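Asks: Below you'll find the structure I mean.
The values are calculated or read from the model by the stated rules, or taken from the named source; none is laboratory data. From a predicted model like this one, the values you see are computed outputs, not experimental measurements. Cβ placement follows ideal geometry from the backbone for every residue including glycine, while neighbour counts extend to all protein chains displayed.
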Amino acid sequence: MQAIVLRAPGGPEVLELQDLPLPQPGPGQVRVRAMAIGVGRPDALIRTGRYKWMPPLPAVPGNEMAGIVDALGQGVTELQAGQRVLLSSRELPQRGGCYAEYACAPAAALYPLPEGIGFDEAVSLPNFQLAQALLFHCGGTREPRSVLLTGAAGGVASAMVQLARASGLQVIVTASTEAKRAFAMSNGAHAALDPAAGDLAAQVHGLTDGRGVDLAIDPVGGSLLMQCLDCLAPLGTAVSYNVVGGPPAGDVFAALRHHLGKSLGVRVFSMHTFDADPALRRGLMSRSIEAMAGGRVQAPAARVLKLAEAREAHRLLDAPDTLGKIILHP
């Protein structure tokens, strides 16, 4: 079979297309023939050697695969050959393994796919799983009424915009270009702001009748995380994940003390928090599958490339103007 292999960290050029032996499922495992493979930010972190939970190298990267069960290992009864499934490496002992024509995994780790969800759509489901966790497991004791989402043009942010809107939240986003702001609005945002246009906090408070937002979810970091603190309502929470723009550009504790009368909170989030809680983790995915199958959310617009074009996919992933999801086809 063909697969993408990473032997040493680096830029997109380190991703090598190679012929590997066809994997055989062991007891309790199935083999999945890939129909669609998701490309996401953790893949780039693995490629550059910056992922805290790095797989040992050489490794096959990739964390999302939708496909068809084509071989069963000994003792497998819960799945059948020909069944449509989603493989997420969040269910595996280590991340990666999906940039390949075939992959083997424990049958219990897979998610059966309803007929109404296509393979290209299915590889966005882990984004909605993450969105569920960020929106509904990171705040305080109160249900949020409003949310600020920064850097709102990528796959995870697109999922959060849709899910927050479908859940009745007021959704305010920031994005660095007019095209990205239009893209966020098309996904259901109530307002899209330019973070470089002036006082972000004043704009957010103006949109929320002076109250601020209950949640500010930020993958950017740098100065934008500090601005998020100024945008919060009383008892609001700022959630930091990814920090693609670097660590906070200021003293976070001093900023919290500055807003002492609001009793604000900050949370640093990783989906690995749920590694030891499979019931909650799988519940988040099951609700995401139900939401997509029921039409409450839709997979974002995607750019589709061949598996052999993984290097180009990562160039797009690294580019600041890429919108939506990137998908590889074997």
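Asks: Could we say that ILE117 is modelled with pLDDT of 95 or more, of a type in the set (A, V, I, L, M), within 25 Å of ALA152 (Cα to Cα) and in a loop (DSSP other than H, G, I, E, B) here? Give the steps one after another, and end with the answer.
Replies: Numbers: modelled with pLDDT of 95 or more: yes; of a type in the set (A, V, I, L, M): yes; within 25 Å of ALA152 (Cα to Cα): yes; in a loop (DSSP other than H, G, I, E, B): yes.
For ILE117, the condition - modelled with pLDDT of 95 or more, of a type in the set (A, V, I, L, M), within 25 Å of ALA152 (Cα to Cα) and in a loop (DSSP other than H, G, I, E, B) - is met.
Asks: Looking at segment 214-233, which of its residues are part of a loop (DSSP other than H, G, I, E, B) and surrounded by fewer than 23 Cβ atoms within 10 Å (Cβ to Cβ)? Working first, answer last.
Replies: Here is the first cut: in segment 214-233, the ones part of a loop (DSSP other than H, G, I, E, B) are 219-221, 231.
The answer is VAL220, GLY221.
Asks: Please give the number of the condition ALA175 fails out of (1) within 30 Å of SER88 (Cβ to Cβ); (2) surrounded by fewer than 19 Cβ atoms within 10 Å (Cβ to Cβ).
Replies: Of (1) within 30 Å of SER88 (Cβ to Cβ); (2) surrounded by fewer than 19 Cβ atoms within 10 Å (Cβ to Cβ), only one is false for ALA175: (2).
Each row is one residue, and each column tells you yes or no for (1) closer than 25 Å to SER270 by Cα; (2) in contact with a helix residue (DSSP H, G or I) (Cβ under 7 Å, 6 or more places away or on another chain); (3) of a type in the set (A, V, I, L, M); (4) touching a residue at least 40 places away in the same chain (Cβ under 8 Å).
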{"position": "SER88", "(1), (2), (3), (4)": "yes, yes, no, yes"}
{"position": "GLU115", "(1), (2), (3), (4)": "no, no, no, no"}
{"position": "LEU130", "(1), (2), (3), (4)": "yes, yes, yes, yes"}
{"position": "LEU163", "(1), (2), (3), (4)": "yes, yes, yes, yes"}
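Okay, residues lined up against (1) without any contact (Cβ under 8 Å) to a residue 60 or more places away in the chain; (2) closer than 21 Å to PRO320 by Cβ:
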residue	(1), (2)
ALA153	no, yes
LEU169	yes, no
ASP199	yes, no
VAL204	yes, no
GLY210	yes, no
ASP214	no, no
ILE217	no, yes
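Asks: How about segment 162-204: which of its residues are within 14 Å of ASP218 (Cβ to Cβ) and assigned to a helix (DSSP H, G or I)?
Replies: Of the residues in segment 162-204, the ones within 14 Å of ASP218 (Cβ to Cβ) are 172-176, 193, 195, 200-201, 204.
Passing the criteria: LEU200, ALA201, VAL204.
Asks: Sticking with this structure for a sec: Would you be able to say whether some residue in segment 44-61 is small (Gly, Ala, Ser) and either farther than 28 Å from GLY246 by Cβ or modelled with pLDDT of 95 or more (or both)?
Replies: Initially, segment 44-61 is screened for residues small (Gly, Ala, Ser), giving 44, 49, 59.
After this cut, where a residue has to be either farther than 28 Å from GLY246 by Cβ or modelled with pLDDT of 95 or more (or both) as well, the list is 59.
Checked segment 44-61: at least one residue is small (Gly, Ala, Ser) and either farther than 28 Å from GLY246 by Cβ or modelled with pLDDT of 95 or more (or both).
Asks: Quick one: which strands (runs of 3 or more DSSP E) lie wholly within segment 1-62 and hold at least 1 residues that are under 25 Å from the mean Cα position of the chain (by Cα) and closer than 20 Å to ALA109 by Cα?
Replies: Because the criterion is at least 1 residues that are under 25 Å from the mean Cα position of the chain (by Cα) and closer than 20 Å to ALA109 by Cα, the strands (runs of 3 or more DSSP E) in segment 1-62 that meet it are 29-39.
Asks: Out of segment 131-150, which residues are surrounded by fewer than 24 Cβ atoms within 10 Å (Cβ to Cβ) and either of a type in the set (A, V, I, L, M, F, W, C) or within 17 Å of the chain's Cα centre (by Cα) (or both)?
Replies: The answer is GLN132, ALA133, LEU135, PHE136, HIS137, CYS138.
Asks: Checking the structure you have, find out if any residue of segment 268-290 is in contact (Cβ under 8 Å) with a residue 12 or more places away in the chain, surrounded by 19 or more Cβ atoms within 10 Å (Cβ to Cβ) and of a type in the set (Ser, Thr, Tyr).
Replies: Scanning segment 268-290, I find at least one residue that is in contact (Cβ under 8 Å) with a residue 12 or more places away in the chain, surrounded by 19 or more Cβ atoms within 10 Å (Cβ to Cβ) and of a type in the set (Ser, Thr, Tyr), so the answer is yes.
Asks: Looking for something in contact (Cβ under 8 Å) with a residue 40 or more places away in the chain, touching a helix residue (DSSP H, G or I) at 6+ places or on another chain (Cβ under 9 Å), more than 30 Å from ALA157 (Cβ to Cβ) and surrounded by 17 or more Cβ atoms within 10 Å (Cβ to Cβ) - is there at least one such residue anywhere in segment 41-60?
Replies: No, segment 41-60 has no match at all.
Asks: Continuing with this model, one more query. Which of (1) under 19 Å from the mean Cα position of the chain (by Cα); (2) buried (at least 16 other Cβ atoms within 10 Å of the Cβ) is the odd one out, the single condition GLY246 does not satisfy?
Replies: Only one criterion in (1) under 19 Å from the mean Cα position of the chain (by Cα); (2) buried (at least 16 other Cβ atoms within 10 Å of the Cβ) is unmet by GLY246, namely (2).
Asks: Quick one: in segment 63-106, which of the residues that are acidic (Asp, Glu) and part of a strand (DSSP E or B) is surrounded by the most Cβ atoms within 10 Å (Cβ to Cβ)? Steps first, answer last, please.
Replies: First, the residues of segment 63-106 that are acidic (Asp, Glu): 64, 70, 78, 91, 101.
Filter once more, so that each one left must be part of a strand (DSSP E or B): 64, 70.
Working: GLU64: 27, ASP70: 14.
Taking the candidates together, the pick is GLU64.
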